[in-house]
Amino acid sequence: MGIWQKTFGGLDKAYYFRHFIFGAVLAVILIWAQSYSAESMSARSGKEFAGMDFFIYVFYAICALLYPYARFVYENIVNFIIGNNFFIVNAVFLLIWKLVVMVVLFVFSIIIAPVGLAYLYYYHTKNRTFDENSSDYFEFIEKGDEK
């Protein structure tokens, strides 16, 4: 198969969908916050700040689409560093940490996601997951996820 299947189709569908929903919710929250702040800024200054809204919305949409791949890179790095260890921490601290990581990954997903896409391409090319001559190709098509 082609480069698109090996990169953008390289993540498990459930994994991609779950993190895409998180990215989309974060995009909606940021769009709402921006529209609220733009209204208050225009009310205070008397000027209209709608010129860049379209580009910012496109940026948020691209970030939402690429967020699962950025999350994939982050989780692989954390799993490599931490391994099978686990930490017992305060739940409030953990939720705040997760929220901060989500926002940072979302904002920088345009920079981080290409690393994940390159790794997925390398992984699926090396393992021949999507090659039509390999037996894994038919298992992948039937199951709909990674082996």
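The values are calculated or read from the model by the stated rules, or taken from the named source; none is laboratory data. Here the structure is a predicted model, which is why all the values come from computation and not from measurement. Neighbour counts run over all protein chains shown; Cβ positions are idealised from the backbone, glycine included. Each accessible area value is taken on the protein alone, full model and side chains, heavy atoms only, with ligands, DNA and RNA left out. Shrake-Rupley method; radii C 1.70, N 1.55, O 1.52, S 1.80 Å.
Can you pull out the residues in region 61-82 that are open to solvent by less than 40 Å² (accessible area, probe 1.4 Å), under 17 Å from residue 120 (Cα atoms) and among the hydrophobic types (A, V, I, L, M, F, W, C)?
Listed by number, the residues that qualify are 66, 70, 72, 73.
Search region 103-147 for residues being open to solvent by less than 40 Å² (accessible area, probe 1.4 Å), of a type in the set (Phe, Trp, Tyr) and touching a helix residue (DSSP H, G or I) at 6+ places or on another chain (Cβ under 9 Å), and hand back the single one that is modelled with the highest pLDDT.
Within region 103-147, the match that is modelled with the highest pLDDT is 106.
Can you pull out every residue in region 40-69 that is under 18 Å from residue 28 (Cα atoms) and at pLDDT below 60?
50
I'm checking my understanding of the structure. Among residues of region 83-102 that are open to solvent by 90 Å² or more (accessible area, probe 1.4 Å) and outside any helix (DSSP H, G or I), which one is nearest to residue 10 (Cα to Cα)?
84
Within the set of pairs 6+ apart or on separate chains, which have a first residue in region 7-23 that is closer than 19 Å to residue 102 by Cα, a second that is surrounded by 16 or more Cβ atoms within 10 Å (Cβ to Cβ) and among the acidic types (Asp, Glu), and C-beta atoms under 9 Å apart?
11/146; 15/146
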